[in-house]
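The values are calculated or read from the model by the stated rules, or taken from the named source; none is laboratory data. Keep in mind it's a predicted model, so treat the numbers as computed, not measured. Note: ideal-geometry Cβ built from the backbone for every residue, glycine included; neighbour counts use all protein chains shown.
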Amino acid sequence: MRNRIEVRISFICRIVVFGSFAVLIVAQMAVASGFRNPPDGAGAMGHCGGKLTLTDDASLISHNPAGLTDLARPQGMAAFTLVSSEAKFESAIPLMGTAKTTSDIHWLPSLYAAMPLAEGRFATGLGLTIPYGQSTEWSQNSLFRYAAPYFAELRVLDVAPALAMRLNDRLSAGFAIDFMASDLELRQVFPWSAVTGVPVTPDGEATFNAEGQGVGAHAGLQWTLSPRQLLALTYRSPVKVEYEGDFNVSGMPAGFPLPGASSDFDTVIRFPSVIAAGYGIKVLDNLQLGVDIEWIEFSRYDKLVLDVGPLNALLPETVIPQNWEDSWTIGLGADWQVTEALTLRGGYQYVESPIPSSTLAPTLPDADRHVVSLGVGYAWKGHRVDLAYALSLFEDRQARNPNPLLNGTYELSSHLFGLSYGYVF
């Protein structure tokens, strides 16, 4: 009994020290591409279409907290995802030309710790992740520089304590609270000439910076249908984040009839609820398959309101329609246990874009895509290393925005590289 207590105390101390350091890493590196980020952990990425029932590490806190009751010993995990993405745009207006994004490589870190309790009847854990994020940057001289921000970045840090309980031999339940902190930044070339009516008036730059917090939750149920079959059901609640910050515009002409070049800035973003189901089956003693399906309530994001108080008159519109639609993903994953130490993974997922053509814009270009992933895991003496690669094959997308400057065709590409290190105590 004494040895077990000492192991747990040692585990907690290491996680507290490592967690404090990791929070600093996340705060500095929380830059993502896309509104909803790829799955945390290289193991989950490797079998991307079957993560609900195939994942067997501490990242279950995010994917299916009910599965934490299957972990036999305390463990910690650090994961990093490298995102390399590119967007190219060809205008629908003759002779307007093309544009492409300029900063295309981003890091997504995450950290997990999980511990079984009461001989496996309960389990607890903590996850630090970036479930949502977006970063898009175009040249300041792009062809739509006056019609849309050339730089847009959304960052969301989620701190999620979790608790799971084994209800009986076949059924487990898990629950986690999501404490979300977020910041938002937009930069756009500002055409003072359009405001003053004087063509030679130099351009300025409008910047929006704001921070906000929100609280939500996610939960899961897991049924063992038979020794070879598993069923999972998960739910993630919607989260409303109210942002407060500053708006600044540079280059204001002398004598312009406004009280100043800066003001307060407020807006709201509603993050979606998600319902998902997964089915896993062991078709051979060393081969498992998993199927996942998700429904994402993106219709909550119907508009973006930009309130800059007395400077609202400078904005062409303060209510920007988004009209996003609910979307689906469906996928398949596989794990092949080659040896006791070596696991090979593969996955496929179809991801439907929630953004209609009428509101598709350079700040977040998106399209339906097919994701193909491969992964490998190796475990020895308590250590575990997982590697994964995922390729997103996007369909070309045409924007049919009411603003003709934003109309054209997008070509998108994305490569994901995942690395996870875990230790079982």
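When region 222-256 is limited to residues that are over 24 Å from GLU297 (Cβ atoms) and of a type in the set (A, V, I, L, M), the one that is surrounded by the fewest Cβ atoms within 10 Å (Cβ to Cβ) turns out to be ALA254. In region 338-359, the residues that are farther than 21 Å from PRO39 by Cβ reach residues that are of a type in the set (Phe, Trp, Tyr) and part of a strand (DSSP E or B) with C-beta atoms within less than 6 angstrom, at least six apart or across chains, in these pairs: ALA341/TYR378; ALA341/TRP380; LEU342/TYR378. When you go through SER263, SER172 one by one, which is the residue that is modelled with pLDDT under 95, part of a strand (DSSP E or B), surrounded by 13 or more Cβ atoms within 10 Å (Cβ to Cβ) and small (Gly, Ala, Ser)? Among SER263, SER172, only SER263 is modelled with pLDDT under 95, part of a strand (DSSP E or B), surrounded by 13 or more Cβ atoms within 10 Å (Cβ to Cβ) and small (Gly, Ala, Ser).
Among the residues of region 121-158, those that are of a type in the set (Lys, Arg) and not in a strand (DSSP E or B) comprise ARG121, ARG145. Determine, yes or no, whether VAL189 is assigned to a strand (DSSP E or B) and either surrounded by 21 or more Cβ atoms within 10 Å (Cβ to Cβ) or without any contact (Cβ under 8 Å) to a residue 12 or more places away in the chain (or both). Against the criterion (assigned to a strand (DSSP E or B) and either surrounded by 21 or more Cβ atoms within 10 Å (Cβ to Cβ) or without any contact (Cβ under 8 Å) to a residue 12 or more places away in the chain (or both)), VAL189 does not qualify.
Taking region 339-425 and the strands (runs of 3 or more DSSP E) fully enclosed by it, the elements with 2 or more residues that are of a type outside the set (S, T, N, Q) and surrounded by fewer than 20 Cβ atoms within 10 Å (Cβ to Cβ) are at 342-351, 369-380, 383-394, 408-424. Of the strands (runs of 3 or more DSSP E) lying entirely inside region 268-315, those containing at least 1 residues that are buried (at least 18 other Cβ atoms within 10 Å of the Cβ) and among the small types (Gly, Ala, Ser) span 274-284, 287-296. The residue that is surrounded by the fewest Cβ atoms within 10 Å (Cβ to Cβ), counting only those in region 63-120 that are in a strand (DSSP E or B) and basic (Lys, Arg), is LYS100.
Could you tell me how many of the residues in region 117-175 are within 20 Å of PRO74 (Cβ to Cβ) and in contact with a strand residue (DSSP E or B) (Cβ under 7 Å, 6 or more places away or on another chain)? Total satisfying the criteria: 22. Inspect all residues belonging to region 153-165 and state whether any of them is among the charged types (D, E, K, R) and farther than 30 Å from GLN398 by Cβ. Within region 153-165 (the criterion being among the charged types (D, E, K, R) and farther than 30 Å from GLN398 by Cβ), the answer is yes, since at least one residue qualifies.
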